[in-house]
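Trainee: I'd like to ask some things about the structure below.
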Amino acid sequence: MLLRGIQTRVWRALARASVAAAMLAGMPAAPLRAQQGSGQAASAVVVTVTDENGAAVRGALVTLAPAQAGKPARGETDVAGRAEFPGLAPGTYLLSVAEVGFYPITNRSVDLATARRLDLTLPHQQEYRERVEVNYSPPAIDPQQTTSTETLAARDVINIPYSSNRDYRNALPLIPGVTPGAAGQIHVNGSSSSQIDKRLDGFDISDPVSGLLDLRVSPDALRSIDVVGARLPAQWGKGSGEALALETATGDDHFRFAATDFIPSIQSRKGIHLEAFTPRLTFSGPLRRGKAWFYDAAQGEYDLTIVTELPPSADEAPLWRWNNLAKAQGNLNSTNLLTGSFLVNGFRSPHDGLTSLSPLETTVDLVASAYVGNVKDQIYLPGGGLFEAGIGFSQFGSSSRPRGLQPFVVTPEATSGNFFETSDTTARRIEAIANLSLPGFGWHGRHQARFGADIDRLTDQQSFSRGEILIYRENKTLDRQATFTSPVAFDLHNVEASGYAEDGWAPAKRLFVELGLRLDGDEILGRPVVSPRVAASYMATSDGETKLSAGAGLVYAATNLNAFGLPLEGARSDLFFGPGGQTPLGPPVTTSFAANAAGLSEPRWVDWSAGLERMLPGQAHFEIEYIGKRGSNGFDYQNTGAGAAPGLPSGRFALANDRNDRYDAIRATIRYPFRRTQMIVVSYTRSRDHSSAVLDPTLDNPIFSRQLGGPTPWDTPNRLLSWGWVPLVRKFQLAYVVDWRSGVPFSAVDQNQRLVGLPDSYRFPDFFSLNLHLEKRVRLFGFEWAIRGGYDNITNRRNPTVVVNNVDSPQFLTFSFIQGRAFTGRIRFLGRK
């Protein structure tokens, strides 16, 4: 109780300081939130929207339409959940409130002659509710949204039949502008995964070293997924212009329990075996009704891959993975909300890398883990402001062990021996955030000012021990012998600090302008950089059904610790042999990396975009948008040395700022609400993504070539995407996904790992997949169930993911890892009505 009293007094002192700052700026200070509206003009109407736990709902569209005749008044709730309507005449109005992921309020009659303040509760959509579900809220045009934001609500993540639906990352490519990458990574509008600002409940969840998205959370725990793909506000940074925001669920005053995929699947390859067991469980409810709630989402996974081409007892690759999210929220009072969460990930693959070309002895025992925790406090300030502060911690670790100490042998057809690398890595982040949104004020229009700061400390601990690699030609003669320096271990750290100021300004009824300024700096590069950004939206028609948006901004990327860790991994020595495999062609070729931070600048991008939104008949929403991005000063490793002898390559690489990137895209998207309970989305994107430096040499896989330009490895010039779910007879529901896109490019190399031709001058075949699933909800044993079955890639299209790119191999341009048609089933236990 003493600690709670101290904490409450500290936050109240901060709140008073915020109000004092508002008064100094000439803004009217109002009484406490419980008395909001008493300082409003007599003709002003204030609508306050909160969720079932008392948290403000930001960005909800509020419409007040005269019951008889007249133009409706529209507004958007601010960070405190408030929307203000000055000048409305007393009388009867029809009130509607809608926001993605919430049950809407539609045409509720209110009398503004007696009520000038309306307090509303907008509950989150639940998979199953105690009462009859209301209709789905169709898309609408947000007059004060300048960003290009795409959203997947919880029902989308659950209902859309994407492949491997136990991994939410596979749902992200269902968002227009997002294309899938390798190992569950994504690319947004031409950005690599490491360039995207990724947040979970407001905290950074990217790997502190690589910047990749490796964290797993149960798809059932996600309340919404937002991707900001253009016109990035100043509050977002550490990326090249894109942001990913994941929001998880919170419990409420009802105890809820749900389970998914709790029945294992069987396979008949080489006998009867367990194929997969992927149970998901969620449990939530009140700790104290009306005051505190808990939520827990657990997910387990067991997979068994059987490689039919390998002999018995050496043909199985089991995998275990699990994660658990525990979360709690407590309302200390009506204006102070405290939340905390802890997410843990575990992974074990004892035969990682097993394929028909990589037998059991070449695999590794891979173990990985992640721990993410945070605490955040939110205080709603008088007059509609919000102050929030929090601290977060994350740790990512992995350990890889080969099955022996024999040399690793590589031939054009396959590998043998034991893998050459043993590794241990640990990456940590400690993060502190603070954000202040001041109450709205009037000055040549209406303003909403926001300020924030973010401080991160990153640490990187790695150790490597590498053995010998023997590379043979097709005629079985030795081509090359690779060795490495003795085992190495190193620590690397960095401190990042950033701050921003942002103003949402409505100078006229139909015009909204967002001005932002961001300051970033870190310990490695040591120089602060300033990023100005501006965006605007204009309602082109008085009915609010046509909007124009445009904006431009400067964006700097976070310093990637991977780039500065490469020089600390040691060196590699390659000895090349003549045609007989006995005589060295010269001295060994040494591969090493060097990075001098003092001579480097911060990579940056200039982004600009423009878009048109229009409501069509049937409440369909149409959007067309152009996005342009120009990157400069990007990090790349340049091959700087001469060969050790005539005819031999060089492996001396130095980190430079020579990379320039260019991305252009035009995208059209239409969303159609089908019978007001289902949704159909169709999107087409035409784009071009080019870089002056596309080669990515590493110590394990050096590319003996000078740096060259070409299309990026994730360049996808054409993409057509459609998904949705529609009702059928007898309460069946059909869900589908159609995805067609250009094949991604790749480069060709020779036996000596030298580039052949231009980088990324080859492409995979075009990708096409059609997933069709049927689902029906039934009542059995007094409980509600959802039973689903269907096919992924029902056309059995061969979509390869791996290619032999060695021109000296007889299997050059042979594609593999082809996944054909697959039947999948799902049973969800939804609880008792």
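The values are calculated or read from the model by the stated rules, or taken from the named source; none is laboratory data. This structure is a prediction, so every number in the text was calculated from the model and none was measured. Ideal geometry is used to build each Cβ from the backbone, glycine not excepted, and the neighbour counts take in all protein chains shown. Side chains included, ligands, DNA and RNA excluded: accessible areas come from the protein's heavy atoms. Shrake-Rupley method; radii C 1.70, N 1.55, O 1.52, S 1.80 Å.
Trainee: I'd like to verify a number: residues in the range 752-769 that are within 28 Å of TRP725 (Cα to Cα) and crowded, with 17+ Cβ neighbours inside 10 Å, how many?
Mentor: Qualifying residue count, the range 752-769: 2.
Trainee: Here's another thing I want to ask about it. Mind listing whichever residues of the range 524-559 are within 20 Å of SER240 (Cα to Cα) and of a type in the set (D, E, K, R)?
Mentor: The answer is ARG527, ARG533.
Trainee: Same structure, new question: Among what's in the range 453-471 and is buried (at least 19 other Cβ atoms within 10 Å of the Cβ) and of a type outside the set (A, V, I, L, M, F, W, C), pick the residue that is farthest from GLU388 (Cα to Cα).
Mentor: GLY467
Trainee: Go through the range 530-543 and give me each residue that's crowded, with 19+ Cβ neighbours inside 10 Å and not basic (Lys, Arg).
Mentor: Those that are crowded, with 19+ Cβ neighbours inside 10 Å and not basic (Lys, Arg): SER531, ALA535, SER537, MET539.
Trainee: Provide a single number: the residues in the range 193-211 that are crowded, with 21+ Cβ neighbours inside 10 Å and more than 25 Å from PRO279 (Cβ to Cβ).
Mentor: 13
Trainee: When you go through VAL749, VAL726 one by one, which is the residue that is under 27 Å from ALA259 (Cα atoms) and either surrounded by 18 or more Cβ atoms within 10 Å (Cβ to Cβ) or touching a residue at least 40 places away in the same chain (Cβ under 8 Å) (or both)?
Mentor: Going through VAL749, VAL726 in turn, just one is under 27 Å from ALA259 (Cα atoms) and either surrounded by 18 or more Cβ atoms within 10 Å (Cβ to Cβ) or touching a residue at least 40 places away in the same chain (Cβ under 8 Å) (or both): VAL726.
Trainee: Which condition from (1) open to solvent by less than 30 Å² (accessible area, probe 1.4 Å); (2) within 27 Å of GLY445 (Cα to Cα); (3) not charged (D, E, K, R) is the one that LEU122 breaks?
Mentor: Result: LEU122 passes all but (2).
Trainee: Listed residues ILE818, ILE787; which is at pLDDT 90 or above, among the hydrophobic types (A, V, I, L, M, F, W, C) and surrounded by fewer than 16 Cβ atoms within 10 Å (Cβ to Cβ)?
Mentor: It is ILE787.
Trainee: Just name the residue that is nearest to ASN165 (Cα to Cα) out of those in the range 767-800 that are out of contact with any strand residue (DSSP E or B) (no Cβ under 6 Å at 6 or more places or on another chain) and free of Cβ contacts under 8 Å to residues at least 24 places away in the same chain.
Mentor: That would be LEU780.
Trainee: Given the conditions (1) crowded, with 18+ Cβ neighbours inside 10 Å; (2) in a loop (DSSP other than H, G, I, E, B), report the number of the one that ALA427 does not fulfil.
Mentor: Single failed check for ALA427: (2).
Trainee: On the given criteria, is ARG706 within 26 Å of HIS187 (Cβ to Cβ) and part of a loop (DSSP other than H, G, I, E, B)?
Mentor: The answer is yes for ARG706.
Trainee: Condition check: open to solvent by 40 Å² or more (accessible area, probe 1.4 Å) and over 21 Å from the mean Cα position of the chain (by Cα). Does ILE666 satisfy that?
Mentor: yes
Trainee: Still on this structure, I have one more. Residues of the range 580-597 being free of Cβ contacts under 8 Å to residues at least 40 places away in the same chain and either assigned to a strand (DSSP E or B) or within 29 Å of THR559 (Cα to Cα) (or both), which ones?
Mentor: PRO584
Trainee: Specify which of the listed residues (ASN170, ASN189) is closer than 28 Å to LEU770 by Cβ, buried (at least 24 other Cβ atoms within 10 Å of the Cβ), modelled with pLDDT of 90 or more and in contact with a Phe, Trp or Tyr (Cβ under 9 Å, 6 or more places away or on another chain).
Mentor: Sole residue among the options that is closer than 28 Å to LEU770 by Cβ, buried (at least 24 other Cβ atoms within 10 Å of the Cβ), modelled with pLDDT of 90 or more and in contact with a Phe, Trp or Tyr (Cβ under 9 Å, 6 or more places away or on another chain): ASN189.
Trainee: Name, by its number, the condition in (1) modelled with pLDDT of 90 or more; (2) part of a loop (DSSP other than H, G, I, E, B); (3) not aromatic (Phe, Trp, Tyr) that does not hold for GLN126.
Mentor: Every condition holds for GLN126 apart from (1).
Trainee: Report the residue count in the range 615-637 for those that are open to solvent by 40 Å² or more (accessible area, probe 1.4 Å) and over 30 Å from THR712 (Cα atoms).
Mentor: Number of matching residues: 4.
Trainee: If GLY641 satisfies every condition in (1) under 22 Å from ALA693 (Cβ atoms); (2) part of a loop (DSSP other than H, G, I, E, B); (3) at pLDDT 90 or above but one, which is the exception?
Mentor: Failed condition: (3).
Trainee: Let me ask something additional. Are there strands (runs of 3 or more DSSP E) fully within the range 233-311 with at least 1 residues that are among the hydrophobic types (A, V, I, L, M, F, W, C) and open to solvent by less than 30 Å² (accessible area, probe 1.4 Å)? List them.
Mentor: 243-248, 256-260, 273-277, 292-306
Trainee: Identify, please: which residue in the range 389-401 is open to solvent by 30 Å² or more (accessible area, probe 1.4 Å) and not small (Gly, Ala, Ser) and is, among those, nearest to PRO312 (Cα to Cα)?
Mentor: ARG401
Trainee: Read through the list (1) open to solvent by 20 Å² or more (accessible area, probe 1.4 Å); (2) outside any strand (DSSP E or B), then give the number of the only condition that PRO412 fails.
Mentor: Among (1) open to solvent by 20 Å² or more (accessible area, probe 1.4 Å); (2) outside any strand (DSSP E or B), the lone unmet condition for PRO412 is (1).
Trainee: Report whether or not ALA558 is assigned to a loop (DSSP other than H, G, I, E, B), in contact (Cβ under 8 Å) with a residue 60 or more places away in the chain and out of contact with any strand residue (DSSP E or B) (no Cβ under 8 Å at 6 or more places or on another chain).
Mentor: Judged against the criteria, ALA558 is not a match.
Trainee: So which pairs qualify, if the first residue must be in the range 567-579 and in a strand (DSSP E or B), the second must be surrounded by fewer than 19 Cβ atoms within 10 Å (Cβ to Cβ) and among the small types (Gly, Ala, Ser), the Cβ gap must be under 8 Å, and the two must be at least 6 apart or on different chains?
Mentor: Pairs that qualify, where the first residue is in a strand (DSSP E or B) and the partner is surrounded by fewer than 19 Cβ atoms within 10 Å (Cβ to Cβ) and among the small types (Gly, Ala, Ser), are PHE576/GLY586.
Trainee: Out of the residues in the range 102-114 meeting the condition of being among the hydrophobic types (A, V, I, L, M, F, W, C) and modelled with pLDDT under 90, tell me which one is nearest to ASP156 (Cα to Cα).
Mentor: Only one residue fits best here, namely PHE102.
Trainee: Report, by residue number, each residue of the range 347-371 that is open to solvent by 10 Å² or more (accessible area, probe 1.4 Å), part of a strand (DSSP E or B) and not charged (D, E, K, R).
Mentor: PHE347, PRO350, HIS351, VAL364, LEU366, VAL367, ALA368, SER369, TYR371
Trainee: So if I check each of GLU99, GLU76, GLU84, which one is under 17 Å from ALA113 (Cα atoms), surrounded by 15 or more Cβ atoms within 10 Å (Cβ to Cβ) and at pLDDT 85 or above?
Mentor: GLU84
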